There are 2 protein chains.
Amino acid sequence: MNKQVFSSPVDLKKVTVTDPFWQREMELVRKEVIPYQWDALNDRVPGAEPSWCMRNFRVAGRMMAEQRQKGAAYVPPTYTYRGFQALPEDPAHPEEDKFYGFLFQDTDFSKWIEAVGYSLTQHPDAALEQIADEAIDVVCAAQNPDGYLDTYYIINGMDAAFTNLRDHHELYCLGHLVEGAVAYYQATGKDKLLRAACRFADYIDSRFGPEEGKCKGYPGHEIAEMALIRLYEVTGEEKYLRLSKFFVDQRGQEPNYFTEEDRIRAEKEGRKWQRPATGSAYHQADKPVREQDEAVGHAVRAVYLYSGMADVARMTQDDSLLAACDRLWDNIVSKKLYVTGGIGGTHHGEAFSYAYDLPNDTAYSETCAAIGLAFFARRMLQIKPDSKYADVMELALYNTVLAGMALDGKSFFYVNPLAVVPDACRRDQRLWHVKPTRQKWFGCACCPPNIARIVSSIASYAYTENEDTLFTHLYMGGTVEKDFGGKKLTMEIKARMPWHGHVYVTLRCDAPVNGTLAFRIPNWAQDAVITCGEKHPLYQDGYAYLAGEWHDGDMITLHLPMQVRMLAANPAVRADVDKVAFRRGPVTFCAEQADNGADLHLLRVDTRYIGDRGEGIEWEFDETTFGHETVKLHVPAKRLLPQESSDLYTLWQPPKEEPAKLHLIPYYAWANRGEGEMLVWLRRK
Amino acid sequence: MNKQVFSSPVDLKKVTVTDPFWQREMELVRKEVIPYQWDALNDRVPGAEPSWCMRNFRVAGRMMAEQRQKGAAYVPPTYTYRGFQALPEDPAHPEEDKFYGFLFQDTDFSKWIEAVGYSLTQHPDAALEQIADEAIDVVCAAQNPDGYLDTYYIINGMDAAFTNLRDHHELYCLGHLVEGAVAYYQATGKDKLLRAACRFADYIDSRFGPEEGKCKGYPGHEIAEMALIRLYEVTGEEKYLRLSKFFVDQRGQEPNYFTEEDRIRAEKEGRKWQRPATGSAYHQADKPVREQDEAVGHAVRAVYLYSGMADVARMTQDDSLLAACDRLWDNIVSKKLYVTGGIGGTHHGEAFSYAYDLPNDTAYSETCAAIGLAFFARRMLQIKPDSKYADVMELALYNTVLAGMALDGKSFFYVNPLAVVPDACRRDQRLWHVKPTRQKWFGCACCPPNIARIVSSIASYAYTENEDTLFTHLYMGGTVEKDFGGKKLTMEIKARMPWHGHVYVTLRCDAPVNGTLAFRIPNWAQDAVITCGEKHPLYQDGYAYLAGEWHDGDMITLHLPMQVRMLAANPAVRADVDKVAFRRGPVTFCAEQADNGADLHLLRVDTRYIGDRGEGIEWEFDETTFGHETVKLHVPAKRLLPQESSDLYTLWQPPKEEPAKLHLIPYYAWANRGEGEMLVWLRRK
């Protein structure tokens, strides 16, 4: 491990994003998602399932107040399980002292405050900040005197806390709280929530760890691992690093904690215990993490874990842990990644399927999983600046992550299929999880706020830095400041990604500055050219390094050619044999019924007319279809004519076809023009 | 409707089947399935889930004896629901007075006795007949004095009888009991079971019907409809016809019986009632049968209903009912039929999927549904001798029905997929219902006994007759007697279907006989030639009619050419676009890993070398592979070579292939040589 190249995301306050593409997305988050989400957290979205989130914090806050008032006379509630999602008998009259919603509902707030924090760095907003501060007061009032802060157990009975780490998301709540608190602190300098998060983390630290008498468990839904590293980075408190490392090291050790926990719980409840048939692979706890080499189980949990593993590997310079990260990365990228940057082939357990099982119509490809994959990629980049990580991060971001949100920011996909026939989604129970149109909100609202937090912090995926190098992983118009040995260098970037391959960088500094600027050469840019006056780049692992002294006004130009690429999947992918997909730059395309009529499966790409560099494919810039600049492709094709007879089976005859064009749009923009068929992988001759 | 052409199956005692193909299957049933099944009924198959069937009859019988003994002092049990399948807490010590197993477990006996009956007509067996007689004694002893005979309610409490017609299979038990009783009576002349069945039917008749005060319900799982027609035919009792017609007419009328029943039950149980989201389509009760035009819901139930509808239509010469049957038939055959003669595209509800949704790997295609399709086809043939019905009947029988049983008669498929990758079946929960190898027996043991009863009565699908015509629908070696106006004519048939297209018929009679012999011309036999001395056939609806005076020794020869046919599916079938399947005669073929290696999806048929009449496809008779005569096909093909890079996605290049042969075996014989991949629809150029 080469510690020299380790890098960290730049401070968001030192970045501006003026790029039209990303600014549009960030403004959607700021103007649509964050306010909507706040209404949702407060159960005032008409027609939507209540979140109960802020209400639960208030209920817990009242209990804390009562406890303070009564002291020893206070009788805490005794825990009874009321289901994974508790709903009031009469929705109009919830009981005053009850917890409602999913048992991880606190995280609705944590994700929201995190997005708010990022948004404030780019767009200060006193009114929003005041709302946030008031929300923080409500949340902090709910904290147990010992630091514990998960309203599910505070309200339902602390006697059962930490008795079901596998399913009950307490440590997941910790993780999200930390992420939100750090983001809000970094944006505003206000530390009330950060201190609450630290107290919760301190309490967990007092209860979990390798020391005798402490609990040997770890999160059922990972995120605390990476969150604690962030808390360590912002506070410098080693105990958070130790706790994160403990969770990572402990995972999957024998005797298996989740299995034992379940057995003990069964004993207590007088229920007959059976070893879970599926083992602990769903939770990535079937073996110690350093022995894992296949990405398995719930896809979001998996990539959250791997992100935490990468963080711990970097912080502790643990080669064996990094090796595991690399094996898991390679496994995902070479066997379990959709061409849209999505992961999770099966809805059973929202999980990774087996190698090369990437079905298009029944795909799960959860938005959050693609987001988690970007988390993992960014963390691998922080360890090793290798563009292979950035390529996948970019693919996930520009395709599946953005597809998760409608172009008006008002509706969301949880599941991101690669082939949709709306009627099939309605008629076929095997497709119950696939929606042909985006939904307003979800009871289990993980994806919309997750989009909000990644989009509003996109610059922290674009730039990382270490002492002597500023890395640019993604290209977006705006500015970024870098301190080189006490001297400030600002890059002004003009770019119109993902449609244009020219990037113009102008450097600003008061006095000459010495330092290295590293620019990623994407895998899609063949024959990239970098011009920088007299300086010649050094190329390594897909990055162009420009070092030396910089002067005000220095210019760097990148030409990253964007050819349309016609892709084939490895023949081991049964679902995609005899099919092709299209990309231009980082954007994967798809065919929609709106442009091609129904029965998309009758169209096939005529590969005879298409060259290696996309020759034969017409493409155009298009500002009208979606109200912002995009690119459309027009691909030579044939359309299979309907059969003359109505027979189901006939003697095979060479198919009768007519010439046609396949009109393709960016995948992220699908399902914004009413309901219709969609197809990413297209039949080909 | 032309009553003149109505026909009935021939008496099985007037038929012999010496054909090697079908005799082998019948002997498997006689020697393997029937004895095994008897052991299963008596819970003495090591390692198999107990059936509890005969035990339940014994428990009920003891209760009946107690009732007789105590008279008015007898206190019957009060009903409590114990689940769809009731299992003892301790399997080694079932409680003496409890009902166990699925609530339709009585039918295990009924299906067995039916197969026994058929088998005895072909192969008298005094020992088997004695076992059967003793079993009948046990069953009859369980009958309630009023005639009711379903041990589930007799044991659990008669107070709840007829309160859940939708789910609790009482009328299904009646139907199977009647089918079994009639078969055993026709085979042996013994009427004890038939009288019990009549008493049960009489009791049902006293409780159900259009008259005021009678129940307006109908079977949740159909079969009673066709069974009662059989009972009417054997007893001449009009009430059974009326009852069957009532069930058919009443089905799906408003107010919907099942919905009302469920509402009333919910009220009684104090449970909150919700209208079932899926309606009554699963039970084919969403609308009156005469308004139905799409085959929907549970596939077995559907075709059992349609069989009963056809019977009632024939018996009452009801044109509107026949029109519904024809619409439903056309809907199945033109939109919902697998190329293997299977039906039921989805495992959700073991049901028909929507039009043209015929997935290969997740197919349900239950063995029993294909059997039910043959029932329906035979009944349509009885109304209208049109070979289109016989073509589908034959397709179902030779392919999916036979695929349901291993070649050694010892294991069975419930589900019959058209594409199997064994590893996927194990790793993919979406394929939980698909087994790559046949299973010994099932707790819900419908398919094995259903195969037993159809195989052992195969001659009743081969021949039907009316006063002046003997119809031959299927060709099999053996003899069949026909009485023409008091004079006996015997056909001696030499045939080696499904491999050889020559059929030789020699007529035997003591004196000249006048009558019509009708022979089916299968849709697969192009340029069929029939030779019959001076007689010239008249062709109508796919049958060749030979009429006139017959003399001893007259010969009829049919030449039914069997070309290998390469089939394409209607392009509306998304799963089969760009694919072909192969048939020769009525047999559909498939590729197995045993002959082609793994990764069958890498092979594609090279259609350039294949002519309309199968030119270019090599084929051979083969007696060694499966221990009986079959045919193997060798199809020109190409094999896609593995990709050089291990990348998941690469720039598309014309695929690198090597010449290959695809070796195909009959679909019914798959999965008899260990576990491996299988594929019916093959990629093609």
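When the surface is traced with a 1.4 Å probe over the full set of protein chains, A:LYS435 keeps roughly 80 Å² accessible. Values of log10 I(q)/I(0) for the range A:232-283 across q = 0.14, 0.15 Å⁻¹ run -0.53, -0.58, by the Debye formula with one identical scatterer at each alpha carbon and no solvent. Reported value for the range B:204-258: 71 Å³ per residue, from the convex hull of its C-alpha atoms. At a threshold of 20 Å², the residues of the range A:547-594 that become less accessible to a 1.4 Å probe in the full protein assembly than in their chain on its own are A:MET566, A:LEU567, A:ALA568, A:ASN570, A:PRO571, A:ARG574, A:VAL577, A:ASP578.
Buried accessible surface for the B/A pair, both sides summed and rounded to the nearest 100, is 4800 Å² with a 1.4 Å probe. Solvent-accessible surface of protein heavy atoms, probed at 1.4 angstrom with all chains present, puts B:LYS216, A:LYS494, A:LYS268, A:LYS111 in the order A:LYS268, A:LYS494, B:LYS216, A:LYS111, largest first. Between copies, the label points of B:GLU534, set 7 Å from Cα on the Cα→Cβ line, lie 11.7 nm apart, reported in increasing order to one decimal in nanometres.
Interface residues of the range B:395-441, defined as those with an accessible-area decrease of at least 10 Å² between the chain by itself and the complete set of protein chains (probe 1.4 Å), are B:VAL421, B:ALA424, B:ARG427, B:ASP428, B:GLN429, B:ARG430.
Directionally averaged projected area (the range B:1-107, Cα convex hull): 13.6 nm². For the range B:564-683, the calculated P(r), taken from all Cα-Cα distances in 10 Å bins from zero up to the bin holding the longest distance, is 12, 42, 33, 10, 2 percent. Label-to-label distances for A:GLU620 across copies, nearest first, come out at 6.0 nm, using points 7 Å from Cα in the beta-carbon direction. Nonpolar atom fraction for chain A, defined as the carbon and sulfur part of the 1.4 Å probe accessible area, stands at 50 percent. Computed across the range A:395-475, the Kirkwood radius stands at 14.7 Å (inverse of mean 1/r, all Cα pairs). In summary, the lysines within cross-link reach of B:LYS272, defined as a Cα separation below 26 angstrom excluding same-chain residues under 8 places away, comprise A:LYS98, B:LYS216, B:LYS287.
Heavy-atom accessible area, probed at 1.4 angstrom with all protein chains present, ranks A:GLU170, B:GLU27 as B:GLU27, A:GLU170, highest first. Each residue of the range B:243-394 gets 113 Å³ once the volume of the Cα convex hull is shared out per residue. Accessible area drop of at least 30 Å² (1.4 Å probe, protein heavy atoms): which residues of the range B:639-685 qualify, relative to the chain alone? Those residues are B:GLN643, B:SER646, B:LEU648, B:TYR649, B:THR650, B:LEU651, B:TRP652, B:ARG683, B:ARG684. The share of alpha-carbon pairs in the protein assembly as shown lying farther apart than 59 Å comes to 28%.
With Rh defined as the Kirkwood radius, the inverse of the mean 1/r over Cα pairs, the Rg/Rh of the range B:258-335 is 1.10. Backbone phi angles across the range B:86-101, fed through the Karplus curve with coefficients 6.51, -1.76 and 1.60 (θ = phi - 60°), yield HN-Hα couplings of 9, 10, x, 4, 10, x, 6, 10, x, 6, 4, 9, 9, 8, 10, x Hz in residue order; Gly and Pro are listed as x. Over 16 Å, how big is the tail of the calculated P(r) for the range B:466-559, in percent of all Cα pairs? The share of Cα pairs beyond 16 Å in the range B:466-559 comes to 51 percent. Ligands, DNA and RNA are left out, and with a 1.4 angstrom probe the accessible area of the protein assembly as shown is 36 Å² per residue. Placing +1 on the Cβ of every Lys and Arg and -1 on the Cβ of every Asp and Glu, with nothing else charged, gives chain B a dipole about its Cα centre of roughly 680 debye. Of A:TYR36, A:TYR184, the residue with the largest accessible area leads and the full order is A:TYR36, A:TYR184 (1.4 Å probe).
Pair-distance distribution P(r) for chain B, from all Cα-Cα distances in 10 Å bins starting at 0: 3, 15, 25, 26, 18, 9, 3, 1, 0 percent.
Shown here: the range A:114-256, whose C-alpha atoms stretch 51, 32, 22 Å along the first, second and third principal axes, sorted largest to smallest.
The values are calculated or read from the model by the stated rules, or taken from the named source; none is laboratory data. Every value quoted in this text rests on a predicted model; they were computed, and no experiment measured them. In this analysis, Cβ positions are derived from the backbone assuming ideal geometry, glycine residues included, and neighbour counts consider all displayed protein chains. Ligands, DNA and RNA are stripped out before the accessible areas are found, and what is left, the full protein with its side chains, is counted by its heavy atoms. Shrake-Rupley method; radii C 1.70, N 1.55, O 1.52, S 1.80 Å.
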